[in-house]
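Peer 1: Take a look at this one; I'll ask things after.
Just so you know, all these numbers are worked out from the coordinates, no wet-lab data involved. Everything numeric here is computed off the predicted structure, so don't read it as measured data. Here the Cβ positions follow ideal geometry from the backbone for every residue, glycine too, while neighbour counts run over all protein chains shown.
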Amino acid sequence: MKSMRYREAVREAIAEEMERDSRVFLMGEEVAQYQGAYKVSEGLLERFGEKRIIDTPITEAGFAGIGIGAAIVGLRPIIEFMTWNFSAVAFDQLLNNAAKLRQMSGGQLSVPIVFRGPNGSARQVGSQHSHSMEHFYVHVPGLKVVAPATPADAKGMLKAAIRDDDPVLFLESETLYSVKGDVPEGDYVVPFGKGRIAREGKDCTLISYSRMVHVCLEAAEALAAKGIDCEVIDLRSLRPLDEEILVQSISKTHRAVVAYEGWPYGGVGAEVVDRIQRLAFDELDAPILRVTTLDVPMPYNAKLEQHVIPQADRVIAAVEAVTYRRD
Amino acid sequence: MTTATIEEGATGTARREPDDALAADVVRVLAPDGTLVDNDAGVGDDEAVALYRAMVRTRLIDERAVMLQRQGRIGFHIGSLGEEATVIGTVHAMRESDWMFPCYREFGGALYRGMPLQRYFDNLYGNANDPAKGRQMPDHWTYRQAKVGSVSSPIGTQITQGVGFAWAARMRKDPLVAMVYFGDGATSSNEFHNGLNFAGVFKTPNVFVCRNNGWAISVPTERQTASATFAVKGIAYGIPGVRCDGNDIFAVVKTAREAVLRASRGEGPTLIEALTYRMSGHSTSDDASRYRPEEQMSAWTTLDPIHRLRRYLEARVGWTEGQQAAFEAEVAGELKLVIETAEKVTLPALETMFDDVYATLPWHLQEQRAELLAGPRAKGH
């Protein structure tokens, strides 16, 4: 085990896969000379040169398409969106091309590409830069969508993403980049479609991913002091989704709260709730509640923003509700 | 390289007129009357006959596909009526190693590159032998074996992809050129500007073929751009823009060959504006008479790319009415056979629609497939 920050884990995954496979390259805005808008690619230009660490003109639709073309040739592009918010201008390339070229060509073409970057709220970046874009992309067959919460998973899942033969959307978080954690040494690869128990418990299941896993762990600690023992599931992989881990945990706790960033209408949380009610209906002792971003565009004002983003106190209140500790 | 002349006024200067091709900057080799402009076709006699046959074959296929759609036997067709010289001439200039990133009017080019006619009709019918396995609209084929990329309905997405492809191929030291096709309308898309900008910056081995056929469905070129020509748009990206008479097969071959050679020498991309004309509606879903008066068409008919090459061949190699009839009969026979075959082939099996969504079939799609195959769904679903 080696302790490192999330940012370093992402960087190490990129570097190791670039060493391992000469087809892998990194492309995006500010990834080379500037060393990455969030310093994820720091040092990579010096190590791999400008032919593999590539600064682009400022146009997500452009370099998403360039990456798809390169992937069709047989290279393994890693396309960095400075933030996932900006992927909106490349949506057609992701929705109509990356996701569908294999299917539309009858299997003649494939797009082994990784799109990655920070997702979700940051701090005071306003309504247009605080989106949780996973809710748009998980809808699309042909895409795989992952959102690791820890440095270990960031490294292991990014390595899996780069080796995958299909397009993978890899969602990081600006607020996670400095989080430290132990990462196994060697060629550590975490396969998709498997969740992780971040904390064991018996009274209520908290289901989350990415940054909100840490918020759920914080809530679970506070709830433990109140005598409520929460299990925290880190989904890690949003598409494919691990149903088994959900059913197993609900069969033990009989109650669940899904906590994530993103608006309450539809989305990953609604999908999780649907799976649980279909697969473990008889195990449930209470309706499942969701703790989400409030249903408004993100305000800039720091105080307002903190009310809109889901916080530990809202998770605690939801758990108390499903365990009938409060009305 | 052309020079831009920006004229006064809000409306554009790019209005397509029958005498546009006479402008000084336009590459011309074969005049509408079938005579050579400079005594040099640049193309041998056998080669010219082969090009002619490909163009006639393309038109006959086109006409048949329209008829099949009118008869309700296929759902849709989008063709290249009047644009055959641009499509066949550019593809003729490609080398075997080169790739084609089509728009959606280049079926003749895909066939010329080696996509079998049977596979093309299998795509029109969306049957089990369709290379796209019945998943795509008619005329949205992919044929990797002939180095032909995928046809995308959203406008222009192939432009950046074609640039990325060429750029990555060069990184891999594959000595290929990617020829990217689009219409005049696509020059308004993000992807045109993105693609050309990247191509200029990365100096990619690309040839951009803008088929200026005068129309984007019902929008005429002068409502598409205020630039004097489409070729001048290359200037802003540091890419030479060349205009050629797109109804003059020899001019198209000459221009495209130079561009392919230039790209293959590592000298970067070229934007070709081929001045041609869409003689049909946008597709079988369109009725051009609603926005284009029929009387406008006669001037364009005299510029027909097939007629002028035929006149040339009649004078040059003595192409006869008999040879013409025999060739048309040969294509008719070929069409009869492939259509009969395509109509006999079954639909793609239900279970195949779960394939190719991912490289390997995920469990949830295996479940959906099993559920579908098990018959009627349970009550309440």
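Peer 1: Provide the percentage of antiparallel DSSP beta bridges, counting only those with both residues in the protein assembly as shown; round to the nearest 5.
Peer 2: Once the DSSP bridges in the protein assembly as shown are tallied, antiparallel ones form about 20 percent.
Peer 1: Additional query: Using only Cα atoms, find the angle between the long axis of helix A:267-279 and the longest principal axis of chain A, and express it within 0 to 90 degrees, rounded to the nearest 10.
Peer 2: Taking the Cα atoms of chain A, the angle to A:267-279 is about 60 degrees.
Peer 1: If packing is taken as the average count of other Cβ atoms within 10 Å, what order do B:122-131, B:18-27, A:312-321 fall into, highest mean first?
Peer 2: Highest to lowest by the protection proxy: B:122-131, A:312-321, B:18-27.
Peer 1: Enter the mean number of other protein chain beta carbons within 10 Å of the beta carbon of each residue in B:172-180, as an integer.
Peer 2: Per residue, the number of nearby Cβ atoms from other chains is 1 on average.
Peer 1: Which log10 I(q)/I(0) values, to two decimals, does segment A:2-183 give at q = 0.11, 0.16, 0.20 Å⁻¹ under the Debye formula with one point per Cα?
Peer 2: -0.41, -0.92, -1.49
Peer 1: Of the DSSP beta bridges with both residues in segment B:3-348, give the percent that are antiparallel, rounding to the nearest 5.
Peer 2: So the antiparallel bridges in segment B:3-348 amount to around 15 percent.
Peer 1: Can I ask one more? Return the Rg/Rh ratio of segment A:130-194 with Cα-based radii and a Kirkwood Rh.
Peer 2: On the Cα set of segment A:130-194, Rg over Rh gives 0.97.
Peer 1: Dipole of chain A, Cα-centred, from +1 at each Lys and Arg C-beta and -1 at each Asp and Glu C-beta, to the nearest 20 debye?
Peer 2: 120 debye
Peer 1: Contact order normalised by length for segment A:1-129, with contacts defined as Cα pairs under 8 Å and 6 or more residues apart; what percent is it?
Peer 2: Relative contact order comes out at 23 percent.
Peer 1: Quick check on my link table: of A:K159/A:K194; A:K202/A:K226; B:K133/B:K344; A:K100/B:K344; A:K51/B:K233, which ones sit more than 19 Å apart, alpha carbon to alpha carbon?
Peer 2: Checking Cα-Cα distances, A:K100/B:K344; A:K51/B:K233 exceed 19 Å.
Peer 1: Using a Gaussian network model on chain B with a 10 Å cutoff between Cα atoms, which of B:A315, B:A41, B:A216 fluctuates the most?
Peer 2: With Cα springs under 10 Å in chain B, the top fluctuation among B:A315, B:A41, B:A216 is at B:A315.
Peer 1: Still on this structure, I have one more. Chain B: percent of C-alpha pairs farther apart than 29 Å?
Peer 2: 44 percent
Peer 1: Next question, about the same structure. Grab the other residues whose beta carbon is less than 13 angstrom from that of A:S251, score K and R as +1, D and E as -1, and report the net.
Peer 2: Every neighbour counted, the sum reads -3.
Peer 1: Moving to a separate point now. Choose one of B:G89, B:F182, B:A31: the residue whose Cα lies farthest towards the positive end of the charge dipole of segment B:3-348 (beta-carbon charges +1 Lys, Arg; -1 Asp, Glu; about the Cα centre).
Peer 2: Ranked along the dipole, the leading option is B:F182.
Peer 1: Let me ask something additional. Is there a simple number for the mean count of other chain Cβ atoms within 10 Å of the Cβ of residues in A:52-62, and what is it?
Peer 2: Across A:52-62, the average partner-chain Cβ count within 10 Å equals 4.
Peer 1: Choose one of A:G201, A:G269, A:C230: the residue whose Cα lies farthest towards the positive end of the charge dipole of segment A:196-322 (beta-carbon charges +1 Lys, Arg; -1 Asp, Glu; about the Cα centre).
Peer 2: A:G269
Peer 1: Set Lys and Arg Cβ to +1 and Asp and Glu Cβ to -1, take the dipole of the protein assembly as shown about its Cα centre, and tell me which of B:V357, B:A370, B:L22 lies farthest positive.
Peer 2: Of B:V357, B:A370, B:L22, it is B:A370.
Peer 1: Would you work out the charge dipole size for segment B:206-360 about its Cα centre, treating the Cβ of every Lys and Arg as +1 and the Cβ of every Asp and Glu as -1, and quote it to the nearest 20 debye?
Peer 2: Roughly 800 debye, rounded to the nearest 20.
Peer 1: Calculate how large, on average over all directions, the projected area of the Cα convex hull of segment A:183-327 is; give the answer in nm² to one decimal.
Peer 2: Value for segment A:183-327: 9.8 nm².
Peer 1: Can you show me the helix-derived [θ] at 222 nm for chain A, built from DSSP H runs with n ≥ 4 at -39,500 (n - 2.57) apiece and divided by the number of residues, rounded to the nearest 500.
Peer 2: Taking each H run of at least 4 residues, the total per residue is -10000 deg cm²/dmol.
Peer 1: Per residue of B:150-162, what is the mean number of Cβ atoms on other protein chains within 10 angstrom of that residue's Cβ?
Peer 2: Whole-number average of other-chain Cβ neighbours for B:150-162 is 6.
Peer 1: What is chain B's relative contact order, in percent, from Cα pairs under 8 angstrom and six or more apart in sequence?
Peer 2: Relative CO of chain B lands at 24 percent.
Peer 1: Quick one: putting +1 on the C-beta of Lys and Arg, -1 on the C-beta of Asp and Glu, what dipole do you get for segment A:145-266 around its Cα centre, in Debye to the nearest 20?
Peer 2: Working: 14 positive and 20 negative charges, 43 e Å.
Charge dipole of segment A:145-266: 200 debye, to the nearest 20.
Peer 1: When the helices in chain B are scored as -39500 (n - 2.57) per DSSP H run of 4 or longer and the sum is shared across all residues, what 222 nm value do you end up with, to the nearest 500 deg cm²/dmol?
Peer 2: For chain B, the value works out to -12500 deg cm²/dmol.
Peer 1: Then there is this: For segment B:245-284, just the Cα set please: Rg and Dmax, both in angstrom.
Peer 2: 13.2, 41
Peer 1: Can you give the convex hull volume of the alpha carbon atoms of the protein assembly as shown per residue, in Å³?
Peer 2: In the protein assembly as shown, the Cα convex hull volume per residue is 178 Å³.
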